[in-house]
Amino acid sequence: MDLEALDRLREAVVDDAHLRSQLLSARDRVGFIAKVVEIAQSRGFELSADEVSEALRDERRQRYERWV
């Protein structure tokens, strides 16, 4: 997984209200992942749906571990 690309994409989303709005319009997890991949590709990042899904699982696991 290209963690650097994912981090750069996260930074772009934090800095851009339009990108955040696009992601928030997703109706479900599959739609959200598809939008992330679409935005990534439009910005020159090569991320697959599987990589995004894995990153989301990792984030959820890390949040859970902080609370346990």
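Before we move on, is residue 26 at negative phi, of a type in the set (A, V, I, L, M, F, W, C) and outside any helix (DSSP H, G or I)?
In short, yes.
What number goes with the only condition from (1) more than 12 Å from the chain's Cα centre (by Cα); (2) surrounded by 13 or more Cβ atoms within 10 Å (Cβ to Cβ) that residue 37 does not pass?
Status for residue 37: all satisfied but (1).
Quick check on my filter: what residues within the range 1-23 are not in a helix (DSSP H, G or I) and not acidic (Asp, Glu)?
Of everything in the range 1-23, just one residue is not in a helix (DSSP H, G or I) and not acidic (Asp, Glu), namely 1.
Please work out which residue is surrounded by the most Cβ atoms within 10 Å (Cβ to Cβ), limiting yourself to the range 40-68 and to residues that are in contact with a Leu (Cβ under 7 Å, 6 or more places away or on another chain) and not in a helix (DSSP H, G or I). Show your work before the answer.
Of the range 40-68, the ones in contact with a Leu (Cβ under 7 Å, 6 or more places away or on another chain) are 40, 43, 45, 47, 55.
From the residues that got through so far, the ones that are not in a helix (DSSP H, G or I) too are 43, 45, 47.
Values: 43: 15, 45: 17, 47: 20.
So, considering only residues that are in contact with a Leu (Cβ under 7 Å, 6 or more places away or on another chain) and not in a helix (DSSP H, G or I), the one surrounded by the most Cβ atoms within 10 Å (Cβ to Cβ) is 47.
Only the coordinates and a few stated rules stand behind these numbers; no lab work does. Computed from a predicted structure; not experimentally measured. Methodologically, a virtual Cβ is constructed for each residue, glycine included, from the backbone with ideal geometry; neighbour enumeration extends over all protein chains shown.
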